[in-house]
Each structure stands twice: as C-alpha cells, then as structure tokens.
Amino acid sequence: MFSVLLCTKILFGDNQMDTEEWRFFLSGAAGTIEEVPNPTDWLGDLEWIQTYRMLFVMDRDLPAFKGIVEYFREYNKKFKKIFDSSEPQEESLPGDWNTNLNTF
C-alpha cells in the first residue's frame with residue numbers, strides 16, 4: 001500500500017495523473033444508470049451490467065475515455081482477446097485506445 005501511495009504522490013507531483021481518473025480508480029462507478037442490452041456473446045448479463053456501468057461512467061466523466069461505450073458496443077469482439085487472455089495486462093487495447101491512454 002505504501003508503494004502505491006508513494007508512486008501516486010510522485011505522479012501527482014509531476015502532473016502525470018488525473019484526479020478524476022484516480023477518484024474513479026478508488027471508488028469505481030457510482031449511481032444508477034439506464035442499462036442497455038448486452039451486445040456480446042461472451043459476457044454474461046451480470047458481467048455486462050458491471051462492464052457497461054464502468055464504461056458509461058468513464059465515457060461520461062473521464063475525457064480520455066470519451067467514446068469508449070460506443071466503441072466497445074460496436075467492436076466488442078476485439079476486447080474478447082483481452083478477456084480470454086491468461087495475461088490480459090500484456091494485451092494491447094484495440095483501436096487507438098492503446099496509444100491514446102496513459103499507463104495509469
């Protein structure tokens with residue numbers, strides 16, 4: 001825990017971390033949203049609801065993620081590779097998401 005706090009303090013000091021992204025990381029998606037039908041054939045309904053809730057709040061509140069909901073809904077099969085991977089942290093995000101987002 002100490003190392004996480006130390007690293008985040010350094011990143012904040014260097015203006016490399018967005019406070020809204022940090023808040024989302026700590027608290028997750030909050031509030032109620034209107035759910036949409038599951039567009040995937042590889043996420044169960046419960047997983048889709050949780051995924052959609054996070055994507056919706058990220059799209060709405062975090063400028064770096066603007067457009068992620070529509071991109072995921074249209075190209076969800078590209079995200080399945082990450083879902084199925086035994087090392088998902090090593091997979092690249094589809095489209096421009098891998099280059100548009102910072103490492104946090």
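The values are calculated or read from the model by the stated rules, or taken from the named source; none is laboratory data. Keep in mind that what you see is a predicted model, and the values were worked out from it rather than measured. Don't worry about glycine lacking a Cβ; one is built from the backbone with ideal geometry, like all the others, and counts go over all protein chains shown.
Examine region 44-54 for a residue that is under 12 Å from the mean Cα position of the chain (by Cα), in a helix (DSSP H, G or I) and more than 22 Å from residue 20 (Cβ to Cβ), and state whether such a residue exists. No, the conditions are met nowhere in region 44-54. Can you tell me how many residues within region 51-73 are among the charged types (D, E, K, R) and either touching a residue at least 12 places away in the same chain (Cβ under 8 Å) or touching an Asp or Glu at 6+ places or on another chain (Cβ under 7 Å) (or both)? Residues that pass the stated criteria total 4. Evaluate region 63-74: report whether one residue or more is modelled with pLDDT of 90 or more, under 21 Å from residue 94 (Cα atoms) and touching a Pro at 6+ places or on another chain (Cβ under 7 Å). Scanning region 63-74, I find at least one residue that is modelled with pLDDT of 90 or more, under 21 Å from residue 94 (Cα atoms) and touching a Pro at 6+ places or on another chain (Cβ under 7 Å), so the answer is yes.
Within region 3-31, the residues that satisfy the criterion of being within 18 Å of the chain's Cα centre (by Cα) and in a loop (DSSP other than H, G, I, E, B) are 16, 17, 18, 28, 29, 30, 31.
A quick yes/no check of all residues on (1) modelled with pLDDT of 80 or more; (2) among the aromatic types (Phe, Trp, Tyr); (3) surrounded by 13 or more Cβ atoms within 10 Å (Cβ to Cβ):
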{"position": "6", "(1), (2), (3)": "yes, no, no"}
{"position": "10", "(1), (2), (3)": "yes, no, no"}
{"position": "15", "(1), (2), (3)": "yes, no, no"}
{"position": "22", "(1), (2), (3)": "no, yes, yes"}
{"position": "29", "(1), (2), (3)": "no, no, yes"}
{"position": "32", "(1), (2), (3)": "no, no, no"}
{"position": "36", "(1), (2), (3)": "yes, no, no"}
{"position": "39", "(1), (2), (3)": "yes, no, yes"}
{"position": "48", "(1), (2), (3)": "yes, yes, yes"}
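Within region 58-92, the set of residues being out of contact with any helix residue (DSSP H, G or I) (no Cβ under 7 Å at 6 or more places or on another chain), buried (at least 16 other Cβ atoms within 10 Å of the Cβ) and not polar (S, T, N, Q) comprises 71 only. Within the bounds of region 76-85, is there any residue that is at pLDDT below 90 and within 16 Å of the chain's Cα centre (by Cα)? For region 76-85, residues at pLDDT below 90 and within 16 Å of the chain's Cα centre (by Cα): absent. Scanning region 62-104 for residues that are among the polar types (S, T, N, Q) and either in a loop (DSSP other than H, G, I, E, B) or under 20 Å from residue 39 (Cα atoms) (or both) yields 76, 85, 86, 92, 102, 103.
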